[in-house]
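A.B. asks: I'd like to ask some things about the structure below.
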Amino acid sequence: MSVKINSAAIKVLFTFFILIYSQAIFANAGSATVTTTTTLKKVTDSEDATESIIEKTIEEGKPGQTPLATVISIHQEVKQGNLDEAGKYLDMRYLPKEVSEIGAEELLRQLVIIWSQQHILDLYSLSDQPEGHLNDSLPSYRESLGVINSSNGPMPLYLQRVPAGNGERIWKISNATVASIPELWKEFGYNKHIELLAHYLPEFTIFHMSNWQFICFILLIVITWLLTSVMPKLAQVVFGNKTKRSEALIKFFGHSVRMFLFFILVEYGTGFLGLSMQAKVWLTIGTLKYLAAIYLILGLMEIFTALYLMPRKEGAYSAAIIRPLMTTAKIIVVLLVLLNWFESAGYNIATILTGLGIGSLAIALAAQKTLENIFGAFTIYVAKPIQAGDFCKFGDITGTVEEIGLRSTRIRKLNRSVVHVPNSIFSSKELENFSEIDRRHYQREFRVRLDTSSDQLRQMLIKIRELLLCHERVLPTAARARFEFIERDAFVVIVNCYVDTKSVVDFKGVAEDLNLYILDIIRDLGIQWAIPQQELLMGKAIQTNPELVTAAHNNMEALRKENKLPFPDFSEKDIETRRDTLKYPAQGTLQKAPDSDQIIEGEDSHEANESHEAVSRV
């Protein structure tokens, strides 16, 4: 949404702002450099204490009899708008003519404005005795009211005990202090144009700011916001190319740097408005600087993450962890800045930390499960048993990891449904990661009938072992074929090997090829499968084909005579002769598909698990 502003309205707005603001700068150039140790806590405590002291002093009914009573009387009359009555507490004797002509009412008004810019009403420092403080190294008729720091050095303000005309003596602001008011007003006072404008504005006070100060402050915010609005457009021009790097820089300069400059400029401009100390403790003594610092620090953290941290990590897994980690770091930064602000405002940081410690303990107890999940996420991040995109099995859940968040890990199952597993559980249970498989395990059990001769079994083992040696996709590691068990209904031969592929799809093709070769071997040897069944034989039993038995016997005898019987294994020479001589796929089949290192999600869960069974029966 864009806002269109008429050019004439902009000119009027800027002219009005420059008129007020330039006059304030001219009139308050010295006050902008004044330093103070007044804090927010001191101001609020002083305001609370002032009310009780005023009530007590008014009840005693001794206006002007003590330094404290005089200051309270001036304060009450000014608060009620009775400057003429408050002016009676100025010692107008022996003043220069040009000072006397200003009048007590105007002089008091100027003194109140000058005083409020550097001090708060601290009644504890004033004596409530008619003699005043007798140990302050001042004459008995004089009492220190405070010091105004001007460009010419510190200028003390005094109360003085003078005759009241009825034989009594009362405390008034000394004539030496009154004589210095015009000189101080030139440095800290308001320009006559400002005061003329304030005279025509409605009389009001908001946040300890007078009418013209509040309007000027609002205009300062508007103008500064419009001036800093050039930052996003300038960033677009400088970093215009559509890349992640340029987007991060545009966001940093267009938002973080803009807000930083906005608060710094507002604070700088506010320092020239001649604000009272009650307003300064909120605006010009650190608050706006802390806001500017927060925006700049958070912006630097975001751009560091976008430009340097994220590109060095791999996959969405790290992004899912880094985002919540950076959010946590931002919260910690904001809390540290907030605590620092409280300390600069005069509050006891130890008390605040104690309260935060008790509150944090209560929060930790209430969020125990959440904290467990967060620590679980850190454990997964450090150990890295899985990453986004891995195909894994967790308990009875099999699927692909889509995202590892701060609370839970999202897994998409084979049926395309999504499961969210809490990290505290995910990091503490057994996890099987299929994506870490470096080779596929082939193991099959072949059961043949008990009437199979030993020579037929030997021939079968020789040919299967030769198959494992010759097949180019079978690795030599743990490649074996053994006659392992003799059961009551079958001889059991177990074939074991590893296939050089990670892909379950490619493995299925190689396993199928091995199965077909072994079936051909068993068929050519005339060996029958041991089918689990009960038979009742009536008559003469069926015998094995004598010709095949004789052929197997002759082959074994030939190997024995030549000392080439390959038991328990082939010789090294035979192994080298036969290795990788049987090509895969077999001649006449389709061209081999490229190997894939990724597990296909769409595989049936039974197929995904079948390759990992200890024994698969044929």
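The values are calculated or read from the model by the stated rules, or taken from the named source; none is laboratory data. Quick caveat: nothing in here was measured; it's all calculated off a predicted structure. For neighbour counting, all protein chains shown are included, and Cβ atoms are generated from backbone atoms with ideal geometry for every residue, glycine included. These accessible areas exclude ligands, DNA and RNA; they are computed on the full protein's heavy atoms, side chains included. Shrake-Rupley method; radii C 1.70, N 1.55, O 1.52, S 1.80 Å.
A.B. asks: Can you flag which of Lys56/Lys172; Lys242/Lys384; Lys463/Lys573; Lys88/Lys186 are past 28 Å Cα-Cα?
C.D. replies: Among Lys56/Lys172; Lys242/Lys384; Lys463/Lys573; Lys88/Lys186, the Cα-Cα distance tops 28 Å for Lys242/Lys384.
A.B. asks: A further question follows. Could you please state how large a percent of the accessible area of region 252-293 is carbon and sulfur, counting protein chains only and using a 1.4 Å probe?
C.D. replies: C and S fraction of accessible area: 76 percent.
A.B. asks: Of the peptides 433-440, 170-177, how do they stack up when ordered by the mean number of other Cβ atoms within 10 Å, highest first?
C.D. replies: Working: 433-440: 15.8, 170-177: 22.2.
Result, highest mean first: 170-177, 433-440.
A.B. asks: Which value results when the Cα radius of gyration for region 129-270 is divided by 2.2 N^0.38 Å?
C.D. replies: 1.80
A.B. asks: Additional query: Give me the 1.4 Å probe accessible area per residue for region 40-184, excluding ligands and nucleic acids, in Å².
C.D. replies: Value for region 40-184: 51 Å² per residue.
A.B. asks: Using a 10 Å cut-off on Cβ atoms, rank the peptides 507-516, 258-267 from the highest mean neighbour count down.
C.D. replies: Numbers: 507-516: 18.2, 258-267: 20.0.
Descending mean neighbour count gives 258-267, 507-516.
A.B. asks: Related question: In whole Å, how far is the Cα centre of region 480-512 from that of region 121-182?
C.D. replies: Region 480-512 and region 121-182 have Cα centres spaced 108 Å from each other.
A.B. asks: Here's another thing I want to ask about it. For region 423-512, with only Lys/Arg (+1) and Asp/Glu (-1) charged at the beta-carbon, what is the dipole magnitude about the Cα centre, in debye rounded to 20?
C.D. replies: Once rounded to the nearest 20, the dipole reads 140 debye.
A.B. asks: Which residues' amide hydrogens lie under 5 Å from the amide hydrogen of Ser150, considering only partners 5 or more residues apart or on another chain, with H built in the peptide plane?
C.D. replies: Distant-sequence amide H within range of Ser150: Met155.
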